[in-house]
Amino acid sequence: MIAALYVQRGGCYYGLPDVDPWDEERDARQYAGPWPVVAHPPCNRWAMPLAKVNETRYGHKVGDDGGCFGAALAAVRRYCGVLEHPANTAAWDAFELPRPDGHGWQATFCDGWVCQVAQSTYGHKARKRTWLYSVGCIFPVMDWSEAEPTALTSWLQKTTSELPRLSKREASATPIPFRDLLLDIARNARPLT
């Protein structure tokens, strides 16, 4: 069994026989094990530049997510699995996680591994570079290439591109092949000794 934390109600993690989905109503901050996790903590208070815009416009402080990222990180460290967040998230610095610096998994000083992957390679319409942090897992074969995007995720991006922009729901969606990759990572979890 895998616990999918901070997922969208009725989304791609629902209806799978070996996945226990935790949506906003269920409050993934309360997850107390025992299964490995795939964690998608909310990114709207961490992802730059949107988090800074929201702070300036609405007063929502960067990083003020009610403890969601911290709880997700603690769950991955305690029960093993993988945490996913947008590339260049401010959460990485706030929680002193090393930034990925190339292709492939890189060992960290905190018993974990980090990497960057483009979700476009796994079926997302936008490039959607993502950082992963994993603990206690044996990694499946991954595609480190970056497929060309067919859309953009953010309305904030200044660009001359004529690519269409995705809705908020489309931009935040997890493509099924990427979901399956994250579940495979968590399924291969081996508790730390």
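Ignoring everything except DSSP H segments at least 4 long, calculate the 222 nm mean residue ellipticity for the chain; use -39,500 (n - 2.57) per segment, divide by total residues, nearest 500.
Values: 5 runs with 43 residues, N = 193.
So the calculated ellipticity at 222 nm is -6000 deg cm²/dmol.
Lys and Arg at +1, Asp and Glu at -1: add these up for the other residues within a Cβ distance under 9 Å of ARG9 and post the number.
Details: positive: ARG26; negative: ASP23, GLU24, GLU25.
Computed value for this residue: -2.
Which entry in (i) 55, 19, 11; (ii) 30, 17, 15; (iii) 25, 19, 17 is this structure's computed semi-axes √(5λ) of the Cα gyration tensor in Å?
(iii)
So, counting K/R as plus one and D/E as minus one, what does the shell of residues with Cβ under 11 Å around SER134 add up to?
Values: positive: ARG77; negative: GLU84, ASP111.
Neighbourhood net charge equals -1.
Show me 83-90, 35-42 ranked by packing, highest mean number of other Cβ atoms within 10 Å first. Spell out each step's value before the answer.
Numbers: 83-90: 21.4, 35-42: 24.8.
Descending mean neighbour count gives 35-42, 83-90.
Under 8 Å for C-alpha pairs, at least 6 residues apart: give me the relative contact order for region 2-187, rounded to a whole percent. It would help to have the intermediate numbers written out before the result.
On the way: 352 pairs, mean separation 34.8, N = 186.
Relative contact order comes out at 19 percent.
Share of antiparallel DSSP beta bridges in the chain, in percent to the nearest 5?
60
Fewest Cβ neighbours within 10 Å first, please rank GLU25, GLU96 accordingly.
Details: GLU25 6, GLU96 9.
Fewest-to-most ranking of GLU25, GLU96: GLU25, GLU96.
Can you compute the charge dipole magnitude of region 1-129 about its Cα centre, using +1 on each Lys and Arg Cβ and -1 on each Asp and Glu Cβ, nothing else charged? Give it in debye, rounded to the nearest 20.
Numbers: 14 positive and 14 negative charges, 86 e Å.
In total the dipole reaches around 420 debye.
All of the numbers you see were taken from the coordinates with simple rules; none came from a lab. The model shown is predicted, which means the values in this text are computed figures rather than measured ones. All Cβ positions, glycine included, derive from the backbone under ideal geometry; neighbour counts span all protein chains shown.
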